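The values are calculated or read from the model by the stated rules, or taken from the named source; none is laboratory data. Being a predicted model, the structure only gives us computed values, none of them experimental. Neighbour counts are summed over all protein chains in view; Cβ atoms, including those assigned to glycine, are modelled from backbone coordinates with ideal geometry. Ligands, DNA and RNA are excluded from the accessible area calculation, which covers all protein heavy atoms including side chains. Shrake-Rupley method; radii C 1.70, N 1.55, O 1.52, S 1.80 Å.
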Amino acid sequence: MNKKLGLFSAIATGVGLIVATSCLMSLGQGASILGTGFIITMIIACAINILTALSMAELNALMPNLTGGLAQYTLAGMGPFVTILTMVGGYLVCQMIAGTVECAMFGNAINSVFDTGIPSWVFSVAMVVILIFANLRGVDIFAKIQNVVAYVLIGSLMIMGILGTLGIGTGEQVSQPSNLADTIPDTFGLLGLAFFLFIGCEFVIPIAKSIKNERRNVPLGMVLSLVIILLMQIFLVVGMTKYTAYEDLGASASPHILFGTALLGRFGSYWMILVSALAVVSTVNSAMSSFSFMCAGMAKINLLPTFFLKKNKRGAYYIGILGIGLVEIIANAVGLSTSDSLIFMINVAIVFWMVSYVISNINVVIFRARLPKAPRTFKVPFGPVLPIIAAIGTAFMIWNISDDPAQRLLIFEIDGIIFVLLGIYSVLWCKFRVKRPLFTPIPMHEVMAMESDMYLAARRKKKD
């Protein structure tokens, strides 16, 4: 029998997806535009995401021990159409794209420091293959890897940030103003960018039933992971403003390596290569495991094919693991992951992630009104106020997905097209497979019953 995971594992899982090399690139971009003023933007984005994390913790407390988590909550709250739209667009597609780019940036980072003569994609594919085999060995191995990698990663970045903040690096400091934001409204334009720095703590939810003292450790793990990330990133922003010129910082595709080199010379670049490796292992490892759980959860509620429910002898949902791994291998091998268009599509995908956050907060409000007396081991304080604030705040971040109006409009246009395509898929799937009304919520007790293997067997028998 698998051992239960503790609070450290919950924090490591939350931290694991948040700290990514693409996030470090976004951090450098934010610092190059606002300097230390970007810290205000980060605090606002982090606060809103903490409120969303609390909402997700309440949903987990209301409907515990579910494989997919967010999919089941939305199915019971808003029906199958919205569930498919948000989960397939907001998580499954987004994770495939984000994981692919993470691996690509790892390979590119190695060749930016070492003259290996080996194509970058080879390093990227090798990393994916290693993580596929690790995840196929089950949640215990996943947790062991995640605990070591996440804490070494955070520790490394925290040390580098503190050295930069205190100005005790071996490199030469630059002379430039620290704060480029004249007013508080100046910080709002980069809220969409700052949101990307704090997404992913909810990936604790799919493994919640493997966590001991779930009532305490799930919400606490998510909140602590966000707070730890915020503190680390504040130190990094201050350090970057002292050691790297804003123009160089904004133009660099690997600002963390630029900062490490400026701070500690060649040793700093080597250290940041290690950070890049840890970041991709942490991010892709966490996403790969949670992705398989989410696919299995959606299969249990008949929103994805049932083959996602297949397990190997280690208890791992291997179809989901192999599926996302294969996509990442192909995309890196053919060079798609290095294109500017794919990096831009990450920003497009983030909007779907934000929408799923809005939906999660609305679900809490719906269940508070529909089932006010239902037992909950955790409740967000102050009634529906905080979930409503979180939903509005996230919607505000969607509007500020880019400080460039033309780029923002293009993002919204692409998202609109994707929404229409996902909407068509949702309608067809609901009509011919689910055979339920699009917007009629499925009773909570039935959704929770779908977790049972007996329910799946009865559904298959009825189909036959």
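Points to keep in mind about this one:
- Gap separating the Cα centres of the stretch 349-366 and the stretch 28-49, nearest whole Å: 22
- All alpha carbon pair distances within the chain were sorted into 10 Å bins beginning at 0; the resulting P(r) in whole percents reads 4, 21, 32, 27, 12, 3, 0, 0.
- For C23, solvent-accessible area (1.4 Å; no DNA, RNA or ligand), Å²: 10
- Accessible surface of T377 - all protein chains present, 1.4 Å probe, nearest 10 Å²: 80
- Remark on G35: its backbone amide H falls under 5 Å from those of L180, a criterion applied only to residues 5 or more positions apart or on other chains, H modelled at 1.01 Å from N.
- Here each label is just a point 7 Å from Cα along the line to Cβ, and for M158 and D248 those points are 2.8 nm apart.
- Value at 222 nm in deg cm²/dmol, rounded to 500, when DSSP H runs of n ≥ 4 in the chain each add -39,500 (n - 2.57): -23500 deg cm²/dmol
- Two-site FRET efficiency, K313 against W399, from Cβ-Cβ distance with R₀ of 51 Å, rounded to 0.05: 0.60
- 20 Å Cα-Cα reach of K310 towards aspartates and glutamates, excluding residues that sit fewer than 8 places from it in its own chain: D140, E451, D453, D464
- Angle of helix 453-463 to the longest C-alpha principal axis of the chain, folded into 0 to 90 degrees and rounded to 10: 60°.
- Considering only I301, F259, A12, and ranking their Cα positions along the charge dipole of the stretch 7-458 that arises from unit charges at the beta-carbon of Lys, Arg, Asp and Glu, the one farthest toward the positive end is I301.
- Positive-pole candidate from L163, I110, Y425, dipole of the stretch 7-458, charges at beta carbon: Y425
- Residues whose amide H lies under 5 Å from that of I211, counting only those 5 or more places away or on a different chain, are L5; hydrogens are built 1.01 Å from N in the peptide plane.
- Accessible-area composition of the stretch 28-77, carbon plus sulfur, in percent [1.4 Å probe]: 71
- Dipole size of the chain about its Cα centre, with +1 on Lys/Arg Cβ and -1 on Asp/Glu Cβ: approximately 2660 debye, rounded to the nearest 20.
- Packing, taken as the mean count of other beta carbons within 10 Å per residue, orders the peptides 99-110, 114-125, 427-438 from highest to lowest as 99-110, 114-125, 427-438.
- Restraint check, K212/K311; K300/K431; K311/K373; K212/K313, Cα-Cα greater than 26 Å: K311/K373
- Heavy-atom surface of the stretch 238-328, accessible at 1.4 Å and reported per residue (Å²): 31
- Counting only heavy atoms of the protein chains and using a 1.4 Å probe, I366 has close to 40 Å² of accessible surface.
- Note, ³J(HN,Hα) from phi for the stretch 314-326, Karplus 6.51, -1.76, 1.60, rounded to Hz, x at Gly and Pro: 8, x, 8, 6, 6, 5, x, 5, 5, x, 5, x, 5
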